[in-house]
1. Using all Cα-Cα distances in region 53-192, what percent lands in each 5 angstrom bin from 0 up to the longest?
2. List the aspartates and glutamates whose alpha-carbon lies under 15 Å from that of LYS489, not counting same-chain residues fewer than 8 positions away?
3. At 7 Å along Cα-to-Cβ for each site, give me the label-to-label distance between HIS111 and LEU263 in nm.
4. Determine which residues of region 460-495 fall in the zone a paramagnetic label at ARG151 would reach in this model, i.e. backbone nitrogen under 12 Å from the point 7 Å along Cα→Cβ.
5. Please sort 110-120, 53-63 by packing, taking for each peptide the average over its residues of neighbouring beta carbons within 10 angstrom, highest first.
6. Under 11 Å from the 7 Å Cα→Cβ point of GLU285, by amide nitrogen: which residues of region 433-453?
7. Any idea what the dipole of region 181-243 comes to, in debye rounded to 20, about its Cα centre with Lys/Arg Cβ at +1 and Asp/Glu Cβ at -1?
8. Answer with one residue from ILE135, ILE181, GLY255: the one whose Cα lies farthest towards the positive end of the charge dipole of region 127-271, charges on Cβ with Lys, Arg +1 and Asp, Glu -1.
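The values are calculated or read from the model by the stated rules, or taken from the named source; none is laboratory data. Bear in mind the structure is a predicted one, so any value in this text is a computation, not a measurement. Don't worry about glycine lacking a Cβ; one is built from the backbone with ideal geometry, like all the others, and counts go over all protein chains shown. Remember, those area values only see protein heavy atoms, side chains included, never the ligands or the DNA or RNA. Shrake-Rupley method; radii C 1.70, N 1.55, O 1.52, S 1.80 Å.
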Amino acid sequence: MGYITLLPQVQAFLRRDHAHFIAGQYHCSASTTRLPVVDPSTGETVATIREADEADLQAAVSTAKAAFHGAWADTLPYQRGVILNRFADLLEAHGEELAQIETVCSGKSIHLSRAFEVAQSAVFLRYYAGWATKINGETMSPSIPSVAGERYTAFTRREPVGVVAGIVPWNFSVMIAIWKIASALVTGCTIVIKPSESTPLSLLRVAELAIEAGVPAGALNILNGTGSTGQKLIQHRDIAKVSFTGSVPTGIAVGQMAMGAGLTRATLELGGKNAAALLADVDVEQAVAGLVHTGYVHQGQVCAAPERVYVHRSRLDEVLELIGPALSAIKIGNPLDEAVHFGPLANRAQYDKVLAYFDHAHAHNRVIHGAKAVDRPGYFVEPTAVLADNPDDRLLREETFGPVITFYPFDTEEELLDLINDSPYGLTASVWTNNLSKALRLVPLIEAGTVWINMHTFLDPAVPFGGIKSSGVGREFGSAFIDDYTELKSVMIRY
Ligand code: NDP
């Protein structure tokens, strides 16, 4: 274990003139605006990327439309599944290359890039591939009375919505894009993805692998740029559906834009301020280990991660005694060092945001651990634990999207439920207890799209995922995604 040297193909890839991937190939824009791609572990620019202009946008959507009506429509369901499985194989075969590109651009530890951006992305692709041959309608028996002996029957068809705009954030730029790419392709849609401007590179390589796997030209396109590129993409008249993952304020704006652009379908996977509840009978060691594992992975930049932890007052001291030493043991450093599991925050804006929360913590709360920047170049901060003395404290209400867990005691179950549910967010929650009966009684009372028991932040392709309240609209995974990527057409027959 040690610092890894970038593969020659990664070094060559980083030196390319980066732009877009349209109609099955590299697409160089006439645009002269270049956006910097910064390595967050140094703060230095490692590449630039051309921002899409109007012509690039038109090219991406029109090739996606042509593939939707042409090559992809002509690809039979079984063959779609074969192609997605081959795509998964190629992701794994080029896994180290993809993981290194992603780590350089996002600051994610190389372990995490390998495990999630590569291995887990392949798992999701294969799961979705299995759906290709199983997307069906139903038959019905209408009750229309027969006048002269005629009969009626009816059936429904699941038809792909059309060209999808996928807009993805910087925290898991490959895996979250794969959720959207696989959902679109397996249902017969085609897709244009707009990556975050801070992590635009790895998907360009992923798209090349998709073509190698047999995805026809035009079915998957990557259009790079800022939020304004995303905005224009959403409002394009040939976009039938938007699948957005990102923050709540941007998600609300995206939803409004999509509705305003002719009721374009939109699913929104947004932020959270996820609660974990440690009940009186909790196994404290297990819970603290679980919180450290899931609250600080990728420096806390995980939408589903626990950020506010309510602990039964009788167990609070034990929890606080364990959390400090557990966070001290986390090795902070260069994410390309295999001994490191905690790298920098992903970009300057995220760093500034988290430092502002640290200032707040020092001014208003008891800092149990961290709340400091690390004195080295790049965007490094310490994993942080805070004890709040007010349930309305900003650190218990606002999503930091950083490595900050805020603790707060509770006395009764009623109080606990009020604390958990008094939030505009509703993405995930967890209950930690040895009493399964108590946990299962709490589940229906907790306002969240996912509730975990004695675990947190475990996403599985078979289990639907998404938020309630301001955390989003729609579900990914399971069979739930099918409703969002297809329209139901009814057919009635008189015979
Ligand atoms: P943002 O909402 O800032 O950005 C998300 C994407 O939208 C980026 O590609 C961004 O481009 C683009 N974008 C920005 N403005 C617009 C606009 N006006 N119209 C269209 N697209 C736009 O989120 P972050 O990238 O900062 O990601 C962090 C957020 O994402 C957190 O709140 C986190 O909780 C949430 N998230 C939710 C997940 C879920 O499944 N529920 C999973 C992962 C993250 P650019 O970056 O170039 O500005």
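1. Once binned at 5 Å, the Cα pair distances of region 53-192 give 2, 10, 15, 15, 15, 13, 10, 6, 4, 3, 2, 2, 1, 1, 0.
2. Correct list for LYS489: GLU138, GLU159.
3. Each label point lies 7 Å from its Cα, and together they span 5.0 nm.
4. 494-495
5. On the way: 110-120: 21.8, 53-63: 19.0.
Ranking, from highest mean packing down: 110-120, 53-63.
6. none
7. On the way: 5 positive and 4 negative charges, 44 e Å.
Around 220 debye, computed over region 181-243.
8. Checked the options; the winner is GLY255.
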